[in-house]
Amino acid sequence: MLFPIGDDNRDRTLTPFVNYLFLIANILVFVFLQGMGSDVRFTYAFSTVPEEILTGEDIVTDDRIYRDPALGEEYAIPGLQETPGSVYLTLLTSMFMHGGLAHIFGNMIFLWVFGDNIENRLGHLRYFLFYLLCGVLASLAQVFAMAATGGNTLIPSLGASGAISAILGGYILLYPRRRVRALIGYFITDVPAIFALGLWFVFQLVSGLGVLGSGSQTGGVAYAAHIGGFLAGFLLIKIFEVGKK
């Protein structure tokens, strides 16, 4: 398992204020609005539900009881909650919510390591717009993938992963040879970005095709959002860079 923990920032000339803003916003939403993940009803109200995006209608469902066939235990699962305002706003709000501590920790490490380099290259405003646009495109990729593969379109998705995947896509194009410090097992070593992020993308692609192709996705990792976000970032980074010196 390869986990990036740092990179070479010696050429950075800008203080990444926008990246700090995104980091703080994600943490504050998780702690205070999601109650460290315990406020499931808030989370289900502002997550992206594919069926809502496809139909434009807010969907509210009843709570249900799920029985774990392996353990024989029963769990109460809240239904989808009413979304204040347009359901399309969830394409943005879902980008700042997470499913648990491990989810937000992993995402924020990747954002911390790679986001500042993209902001340094694009500038504050362009980075802000790049992040949000690619995050929305990543969410739409998940929506249409679920619909196209016959998946359950009532499963909500959330997390900054799509937008962060776009940062990785832009990074691998702009800085393919930059050294990335990574944790591999119990060892820390430096590897080229094209290796670290290329390996990450291949894993997402293989896992995503397996899950989506089987039509068995009932929750968990939104691989289509990761793949869609990465490709969006890879394809759009040079457009956002037009005119920059």
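Here are the numbers:
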{"read-out": "Condition met for Leu154 (of a type in the set (A, V, I, L, M, F, W, C), surrounded by fewer than 24 Cβ atoms within 10 Å (Cβ to Cβ) and in contact (Cβ under 8 Å) with a residue 12 or more places away in the chain)", "value": "yes"}
{"read-out": "Pairs, first touching a residue at least 12 places away in the same chain (Cβ under 8 Å) and assigned to a helix (DSSP H, G or I) in the stretch 121-145, second among the β-branched types (Val, Ile, Thr) and surrounded by fewer than 24 Cβ atoms within 10 Å (Cβ to Cβ), C-beta under 7 Å, six or more apart", "value": "His124/Val18; Tyr127/Val18; Phe128/Val18; Val143/Ile53"}
{"read-out": "Selection count, the stretch 145-181, where residues are at pLDDT 95 or above and either among the aromatic types (Phe, Trp, Tyr) or more than 13 Å from the chain's Cα centre (by Cα) (or both)", "value": "12"}
{"read-out": "Residues that are surrounded by fewer than 21 Cβ atoms within 10 Å (Cβ to Cβ) and modelled with pLDDT of 95 or more, drawn from the stretch 199-239", "value": "Leu231, Phe234, Leu235, Leu236, Lys238, Ile239"}
{"read-out": "Within the stretch 34-49, considering residues that are out of contact with any Gly (no Cβ under 8 Å at 6 or more places or on another chain) and touching a residue at least 40 places away in the same chain (Cβ under 8 Å), the one farthest from Leu129 (Cα to Cα)", "value": "Arg41"}
{"read-out": "Residue check for Thr43: under 13 Å from Leu158 (Cβ atoms), surrounded by 20 or more Cβ atoms within 10 Å (Cβ to Cβ), of a type in the set (S, T, N, Q) and touching a strand residue (DSSP E or B) at 6+ places or on another chain (Cβ under 8 Å)", "value": "no"}
{"read-out": "Residue under evaluation Ala102, criteria (1) without any contact (Cβ under 8 Å) to a residue 40 or more places away in the chain; (2) over 16 Å from the mean Cα position of the chain (by Cα); (3) exposed (fewer than 15 other Cβ atoms within 10 Å of the Cβ), criterion not met", "value": "(2)"}
{"read-out": "Residue pairs meeting the criteria (Cβ under 6 Å; at least 6 apart or on separate chains; first free of Cβ contacts under 8 Å to residues at least 40 places away in the same chain, in the stretch 165-184; second surrounded by fewer than 23 Cβ atoms within 10 Å (Cβ to Cβ) and of a type in the set (A, V, I, L, M))", "value": "Pro176/Ile194"}
{"read-out": "Criterion (farther than 20 Å from Ile27 by Cα, among the polar types (S, T, N, Q) and without any contact (Cβ under 8 Å) to a residue 60 or more places away in the chain) met by exactly one of Thr55, Thr93", "value": "Thr55"}
{"read-out": "Condition check for Gly159: buried (at least 24 other Cβ atoms within 10 Å of the Cβ) and part of a loop (DSSP other than H, G, I, E, B)", "value": "yes"}
{"read-out": "Hey, Ile53 farther than 29 Å from Leu197 by Cα and touching a strand residue (DSSP E or B) at 6+ places or on another chain (Cβ under 6 Å) or not", "value": "no"}
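The values are calculated or read from the model by the stated rules, or taken from the named source; none is laboratory data. The model shown is predicted, which means the values in this text are computed figures rather than measured ones. Ideal geometry is used to build each Cβ from the backbone, glycine not excepted, and the neighbour counts take in all protein chains shown.
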